[in-house]
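Asker: Below is a structure I'd like to ask you about.
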Number of protein chains: 2
Amino acid sequence: MNVLEAIRNRRSIRKYLSKPVEREKLEAILEAGRWAPSASNKQPWHFVVVTKEEKRKALADAHPYGRFMAESPVVIVVLGDSERHPKYYLADPHNAVMNMLLAAYAHDLGTCWMGVRDTDIEPKFRDLLNIPKSLRVICCISIGYHEVERDSTRRQLDEIVRWESY
Amino acid sequence: MNVLEAIRNRRSIRKYLSKPVEREKLEAILEAGRWAPSASNKQPWHFVVVTKEEKRKALADAHPYGRFMAESPVVIVVLGDSERHPKYYLADPHNAVMNMLLAAYAHDLGTCWMGVRDTDIEPKFRDLLNIPKSLRVICCISIGYHEVERDSTRRQLDEIVRWESY
């Protein structure tokens with residue numbers, strides 16, 4: 001899969017088939033997250049992979065915009081590790097997230113990422129997944145096969161790009 | 001360029017050739033940023049593209065880890081827009097950043113991203129680029145051709161991945 005094509009065509013998917021995701025594909029996705037760039041290469045992230053239905057349903061119940069996690073065969077919860085990089089542990093994990101979204105798309109899998117940090121969802125996820133105090137729950141990603149394709153729109157370049165100064 | 005290959009092999013580059021970056025390549029990179037996913041598709045980002053040497057040198061002088069921006073032919077400064085999404089304007093721009101890093105790599109260009117937000121660099125960048133109060137300076141990306149290839153390392157998957165619970 002071409003990188004520019006993946007970036008252009010990947011969409012957020014919220015309706016999944018029950019078909020399980022192969023372990024090799026999951027590992028390829030995690031591998032893409034692993035290779036993300038980070039400040040001073042500190043890699044201040046952890047990925048909790050949730051496949052068990054009961055736990056996915058509990059996460060879905062805790063997330064008002066993520067009810068479909070009950071149906072997506074996999075959820076990856078992304079954590080930021082303040083002890084590995086106190087300054088960039090909230091920013092760097094997003095690089096890993098984008099890599100994983102693209103890698104999943106390259107493996108014919110749909111994804112949707114949803115914020116968790118700084119909401120009342122975060123303490124619930126923390127309890128459900130037994131997450132230690134030094135880690136923050138940045139976001140979660142649903143992953144699965146899907147049937148319906150979607151398109152989307154974006155603001156035009158001239159709305160978001162300035163040259164030489166704002 | 002294959003997406004998984006780009007994710008695996010892209011490195012941070014801090015030594016650039018003076019060869020200018022073609023406008024079409026720059027636009028392809030910005031286009032990759034434009035298509036990043038964001039909460040509620042609010043796209044709370046702006047990209048300021050700096051090519052003029054005098055301004056790049058001023059940015060380089062303001063950033064202790066970004067001296068090489070004086071030599072990289074292009075710097076993209078990435079802003080988060082609190083008015084477009086008050087909750088996710090600090091997170092979503094990172095998706096655009098990762099897309100731009102990968103797109104640049106696919107076009108044979110080296111990049112290095114450096115944090116700016118919440119440092120004493122941010123007010124300096126704000127002044128230099130005339131950035132309004134409602135926008136935050138998230139980070140900056142140097143872009144250019146380069147000769148030396150680098151490799152890097154990452155923690156192993158079993159150090160960063162947990163299954164079902166932390």
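The values are calculated or read from the model by the stated rules, or taken from the named source; none is laboratory data. Everything numeric in this text was worked out from a predicted model, so none of it was measured. Please note: Cβ atoms are built from the backbone with ideal geometry, for glycine as well, and neighbour counts cover all protein chains shown.
Asker: Count, please, the residues in region A:114-134 that happen to be surrounded by fewer than 12 Cβ atoms within 10 Å (Cβ to Cβ) and of a type in the set (S, T, N, Q).
Answerer: Total satisfying the criteria: 1.
Asker: Another question, then. State whether one or more residues within region B:78-93 are without any contact (Cβ under 8 Å) to a residue 12 or more places away in the chain and not basic (Lys, Arg).
Answerer: Yes, region B:78-93 contains a residue that is without any contact (Cβ under 8 Å) to a residue 12 or more places away in the chain and not basic (Lys, Arg).
Asker: Right, next: Residue check: is A:Ser72 of a type in the set (Ser, Thr, Tyr), closer than 17 Å to B:Tyr166 by Cα and touching a residue at least 40 places away in the same chain (Cβ under 8 Å)?
Answerer: no
Asker: What is the residue count in region A:136-148 for residues that are exposed (fewer than 12 other Cβ atoms within 10 Å of the Cβ) and touching a helix residue (DSSP H, G or I) at 6+ places or on another chain (Cβ under 9 Å)?
Answerer: Residues flagged as exposed (fewer than 12 other Cβ atoms within 10 Å of the Cβ) and touching a helix residue (DSSP H, G or I) at 6+ places or on another chain (Cβ under 9 Å) within region A:136-148 amount to 0.
Asker: In region B:6-19, what residues are of a type outside the set (A, V, I, L, M) and surrounded by 13 or more Cβ atoms within 10 Å (Cβ to Cβ)?
Answerer: Scanning region B:6-19 gives B:Arg8, B:Asn9, B:Arg10, B:Arg11, B:Ser12, B:Arg14, B:Lys15, B:Tyr16.
Asker: To continue, here is another question. Which condition number in (1) surrounded by fewer than 21 Cβ atoms within 10 Å (Cβ to Cβ); (2) under 15 Å from A:Pro44 (Cβ atoms) is the one that A:Tyr89 fails?
Answerer: So A:Tyr89 meets the others, but not (1).
Asker: For region B:33-46, state whether one or more residues are closer than 15 Å to B:Gly144 by Cβ and more than 7 Å from every other protein chain (Cβ to nearest Cβ).
Answerer: For region B:33-46, residues closer than 15 Å to B:Gly144 by Cβ and more than 7 Å from every other protein chain (Cβ to nearest Cβ): absent.
Asker: Can A:Ala36 be described as in a loop (DSSP other than H, G, I, E, B), within 19 Å of A:His107 (Cα to Cα) and at pLDDT 95 or above?
Answerer: So A:Ala36 passes the test.
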